[in-house]
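Accompanying notes for the structure given below.
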Amino acid sequence: MSDTSAAAHHHTAPTSFIRKYIFSLDHKVIGIQYYFLAIFSVLIGMVLSWLVRIHLVWPQLHIWGLEKLSPAGAPGGVMTPEYYLSLLTLHGTLMVFFVLTTAPQAGFGNYALPIQIGAEDMAFPWLNMLSFWTTFVGLCCLVATLFVKDGPPISGWTAYPPLSAVGSDAGPGQGMGQNLWAVSIAIFCVGSLLGALNFIVTTVDLRAKGMSLMRMPLTCWAWLITAILSLLSFAVLFAACILLFLDRNAGTSFFLPAGLLVNEKLQPHSGGSPLLWQHLFWFFGHPEVYIAIVPGFGVISHILSTFSRKPVLGYKVIVACLLGIGFLSFMVWGHHMFLSGMSPYSGFLFSIPTLIITIPATIVSLLWLGTIFGGKLRFTTSMMFALGFISVFVTGGLGGMFLAQPSLDIFLHGTYFVVGHFHMVMGVAAIFGMFAGTYYWFPKMFGRMMNETMGKIHFWFTFVGVYCIFMPMHFIGLEGNPRRYSQFVNAFIQPLMPVHKFMTIAALSTGIIQFLFFFNLFWSIFKGPKAPNNPWESTSLEWTVPSPPPFDNFAGVHPVVNHGAYEYGEENDGKDYVMQTDPPTRAVTG
Amino acid sequence: MSSSNDPLAGVAIHGGGHIPAGVQVYPEPGTSFWSGGGLPYGIPSRKLGMWLFIVSDAITFSAVIFAYGYLRLAAADWPRPFETASIVNATVMTFVLLSSSVAMVLAVRASNLGRRGGTVGWLLATAGGGIVFDILHIREWLGLIHEGVRPFQNPWGTPMFGSAFFAMTGLHMLHVTIGVIYLLIIAMAYSNKKVTEVDVEVSGLYWHFVDLVWMFIFPLVYLLSAKVG
Amino acid sequence: MEHSETAGLKVIFSVLFGLLGLTVCEVVLAYRALPLGTMFTLLMGLSLLKAALIVAYFMHLRYEQPSLFVTLIPAFVFVILMMTVIFADSTRLAHMRSLVQ
């Protein structure tokens, strides 16, 4: 229990609507708020992905509504190449930051971490609320780029200078759009930083009696490690965004060299280096992708164990691997820069830890398989998504082994191979983690059950669909199909156009199926059957309290933990599991 | 863990004070605080939170300083324009900030001794030091601007000099100013008994951090660009 | 823990004078004619010493649990060390610029 002066912690349940649902200090409400922020962002991001995929295969199609959104960007509803890049940039930025860096960590983590460790709330509830609303403001700034005159920036979610640093000379969206982008991301960094320190202090200081670090569910370890990565890496992105903003608005030249001619206009800057941005950005960017996936590792480990009725195989090894992945993630950023012109010696130095980081990831995947092997599997929807996670993560991860080698990356960088790789691991695996977490924690969050039939349909169509969308990208990438092109006019790509059509149709279909999930989600919040305390017969602390929990989680009781998080498969009074708070048995496990 | 050298030993409650009744400060025999139910680092959560914030903010400053280093190493004509007067001014600013840090330590000490008036006094002294620092800094900025230094040009060498200078010192000055406001709020709140000695100590950590950053900016920005000979 | 109230004060003022002294050393050093690399190394060394004094005594880290130090400082140092890799490209840039000249 932390020091609790009255100023730091609320003791009575809020009563007004605003205090309960809008400016709430309750981590459960804040977690759900982050989750719905991510849902909102993923909807926009998904529609943007449809627009770009449609444009790639039917470039002359008049898309309804697009001209109204941007008369200059889509005259007659036909996307200009620049507007294609604008929509692509917004897609990437929204998805990476406002979906994958919010829901898995701040969404589920905020909701479940305090309860899973036996605490009443996070260490700093007010700061938690501030983090959410800061992130919200960041989202508003980003979405605003759709509605400013020249639209969103065209420089990609990676915002490389010189394009991003020059200003409106460089193209549409590079004036106000890029400024809003920089401000949005800088604000997001602040929200993430505040959230990260909240998570770390909560996990360290607020664990209930008996909840040692090694008894924590793996979800808590994952959130802790992710928070540490966030704390250290967002700091660098924040600095980079400040410097970019200064380059754009104060005439500085951190990233702009001398003699730059942009659209026949000589830029007044001199002395800077675009490579510097790449270093700073990817120093953040690589830990960022682990921030996106590590919470998923935690959720999947937890769910696989629950629905195999078996303890996680190699709990301590998984913890060590997650720590190893976190540590190594700071040593590999240059693998995004093999073709940037950076020192080739650096290239070599970066490829080694990149290959090494596959080892702990592989070990974790094998331990998952070991967890389910011999288990009494219960094929709930969340379990299906957890099993699917293993499949898609391994598939996507294998692509990374190719890209880790500079000699291969020379050919593959900037092709659809990369697009396929990162979509499989981030756009699919991490999202599967979110789906698995949703189906698992929904009963606890809303006190009702989601519909399993709809869930299974959702799973199968999505699972098949994502392979249809992203697997072919690896092959067309090997053929040399470049990425970030709004049209493929080269002769050598024409034979691949049927593949593009196939992927577009798959993307649209898989996207449509997600509305079944959204329907299931929203319908069940109001009309789903009531959920018991522990519908999944799971051992962690959140399943000892009612669904949904009281505002202070444990109704004033301080839980005492006597068991580890994964005691499944043990005979215990007719049940096959031992709750973490059950009385100690003769052999007290740690 | 404290030795007799500890300035706060004997006057500080273990962990910085104000741990509510019933919360164990020392673990039961045979367990450690890593087993849950206590504070493994023996410090209040707010203090740990501020330390983590400081680590992150230190990394942000480091990234900006590294950007400066990167560009300076790559530049052929980095100017060294700071006359003796500038260096003396910057040295005085360093002394002011260091002294304000000592005032802060004395404020924390006073708060741990329960001396409300003394605490507020030392907090105001610290904030005063920060204000003096800001004034000296702005005077210096105005002087440089008068000589023609801008973020995008200067009379002496690569335009990057101005970019780096204003970015680093500007970011630092922003932190000092926020610190002054923070300290004034804490001083007011402490005298109205709205916050505790823990909060005073937490604000102290931030202030020392701001001082610490200046320990790097001073040599890297000023001394390495001093006009020698 | 009984001891005189002024013993702690002695330490603080010793540290302050140490810091002021180190600052004076730095300023004197700045006016020596030394190559930039050497000057940088020496100044950084002195600054690190000053930083260590501030962290240890003003920020009280010396008197906290060792685990706190182990948690905070190595992670920070690691991140800084990793960031130094970028200087390989900085020196290359300088070299390439000198060729163009």
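None of the figures in this text is laboratory data; all of them are computed from the coordinates on show. The shown structure was predicted, so the numbers you read here are calculated from the model rather than taken from an experiment. All Cβ positions, even for glycine, are placed from backbone atoms using ideal geometry, and neighbour counts span all protein chains on display.
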Q. Plugging the Kirkwood radius over Cα pairs into Stokes-Einstein for the stretch A:185-317, at a temperature of 4 °C and a viscosity of 1.567 mPa s, what D comes out in µm²/s?
A. 74 µm²/s
(Q) Could you compute the net charge surrounding C:M39? Neighbours are other residues with a C-beta less than 15 Å from the C-beta of C:M39; K and R count +1, D and E count -1. (A) +3
Q: Would you please give the FRET efficiency between B:K194 and C:L29, computed as 1/(1 + (r/R0)^6) with r the Cβ-Cβ distance and R0 = 56 Å, to the nearest 0.05?
A: 0.75
Q.
Please give the Cα centre distance for the stretch A:184-248 versus the stretch A:450-529, rounded to the nearest Å.
A. 31 Å
Q: Measure out, as a whole number of angstrom, how far apart the alpha-carbon centroids of the stretch A:135-183 and the stretch C:48-96 sit.
A: 34 Å
Q: Let me know the charge dipole size of the stretch B:45-225 about its Cα centre in debye, to the nearest 20, where only the beta-carbon of Lys, Arg (+1) and Asp, Glu (-1) is charged.
A: 500 debye
Q. Is the stretch C:1-78 rounded, prolate or oblate when judged by the Cα gyration tensor, a ≥ b ≥ c being the square roots of its eigenvalues, rounded requiring a/c under 1.5 and prolate requiring a/b larger than b/c?
A. oblate
Q. Over what distance in Å are the Cα centres of the stretch B:187-229 and the stretch A:61-78 separated?
A. 53 Å
Q.
Less than 15 Å Cβ to Cβ from A:V183, Lys/Arg counted +1 and Asp/Glu -1: what total charge do the surrounding residues give?
A. 0
Q.
With +1 on the Cβ of every Lys and Arg and -1 on the Cβ of every Asp and Glu, and nothing else charged, how large is the dipole of the protein assembly as shown about its Cα centre, in debye rounded to the nearest 20?
A. 660 debye
**Q.** Neighbourhood charge, 12 Å Cβ-Cβ cut-off, centred on A:P532 and excluding it, Lys, Arg +1 and Asp, Glu -1
**A.** +2
Q | Cross-link pairs A:K527/A:K575; B:K47/B:K194; A:K310/A:K575; C:K10/C:K50 - those with Cα-Cα distance over 20 Å | A | A:K527/A:K575
Q: Using a 10 Å cut-off on Cβ to Cβ distances, tally the other chain neighbours for every residue of B:212-223 and report the average as a whole number.
A: 6
Q) In which sequence would C:F13, A:F488 go, from the one with the fewest C-beta neighbours within 10 Å to the one with the most? A) C:F13, A:F488
Q.
Given an 8 Å cut-off on Cα distances and at least 6 residues of separation, report the relative contact order of the stretch A:391-457 as a percent.
A. 31 percent
Q: Would you please put A:569-575, A:63-69, C:88-94 in order of how densely packed they are, using the mean number of other Cβ atoms within 10 angstrom per residue and starting with the highest?
A: C:88-94, A:63-69, A:569-575
Q: Mind computing the radius of gyration and Dmax over the alpha-carbon atoms of the stretch A:113-181? Å is fine for both.
A: 17.8, 55
(Q) Less than 12 Å apart at the alpha-carbon level, and either on another chain or at least 8 residues along: which aspartates and glutamates does that give for A:K444? (A) A:E542
**Q.** Eligible lysines near A:K149 by straight Cα distance, threshold 16 Å, same-chain separation 8 or greater
**A.** A:K68
Q | chain B: C-alpha gyration tensor shape, a/c 1.5 cut-off, then a/b vs b/c | A | prolate
Q: Mind running the shape call on the protein assembly as shown? Use the C-alpha gyration tensor, a ≥ b ≥ c as the square roots of the eigenvalues: rounded below 1.5 for a/c, prolate if a/b tops b/c, oblate otherwise.
A: oblate
Q) For the stretch A:204-359, what is the relative contact order in percent, using Cα pairs closer than 8 Å and at least 6 residues apart in sequence? A) 25 percent
Q: Can you tell me the relative contact order of the stretch B:45-225? Whole percent, Cα pairs under 8 Å, sequence separation 6 or more.
A: 32 percent
Q.
Only helices at least 24 Å long along their own axis, judged from Cα atoms, and with Kyte-Doolittle mean hydropathy of 0.5 or greater: name those in chain A from DSSP H.
A. A:27-57, A:125-144, A:176-205, A:218-249, A:274-308, A:381-403, A:452-478, A:497-527
